[in-house]
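No value in this document is a laboratory result; all are computed from the given coordinates. Model, not experiment: these values are computed from the prediction. Because the Cβ atoms are built from the backbone with ideal geometry, glycine has one as well, and the counts that use them run over all protein chains shown.
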Amino acid sequence: MRRRSRHPDFDQTLEQLRTQGFDVTAFAGVPGGMLVTKHGAAAVLVACPGGAAFAVSPGLMVKGQVGRLLDRGYQKFIKTSQYEIPASAAQLLAIHAFSEELKQASGAISLYNESLGTTSDVYEYDRLQGREVEPAAAVQPWELPGEH
């Protein structure tokens, strides 16, 4: 006997989102993706074996694109392929409210650290720029350069 899953499939998730006031439309940028919007924020969902998964994480809608949240240490920004605008507190609250409602409606796991506030997609701190390259190993005084 097959066990019934507590998690809804993709179509059931989309229907549940529609009944809770989310706008759900097809998204051309991702094959099989559905754009889910509410409160001026949006995310793109795709079907996965467990139901629905994020193809594009929640962000603010800017000129028809889902803007990613970029944290520069001193301020958060909304970044799209064309624009980068400073995020206001109202925009961050809208993204946070949207992602919490989306998780609750879709049956996704709500993590404690994410429920405390808005988390960013990308972190670019100015003091850390340029640290990606590892420095060359220092030559020891007893080693001659070019010899082994």
Check your understanding: If amide H atoms are built 1.01 Å from N in the plane of the peptide, which residues on other chains or at least 5 residues away come under 5 Å of the amide H of Val56?
Key -> Val44
Review point. So what's the Cα pair-distance distribution over segment 33-116, bin width 5 Å, in %?
Key: 3, 15, 24, 26, 18, 10, 3, 0
**Study point:** Distance between modelled label sites at Ala28 and Tyr74, nm, 7 Å Cα→Cβ extension
**Key:** 3.9 nm
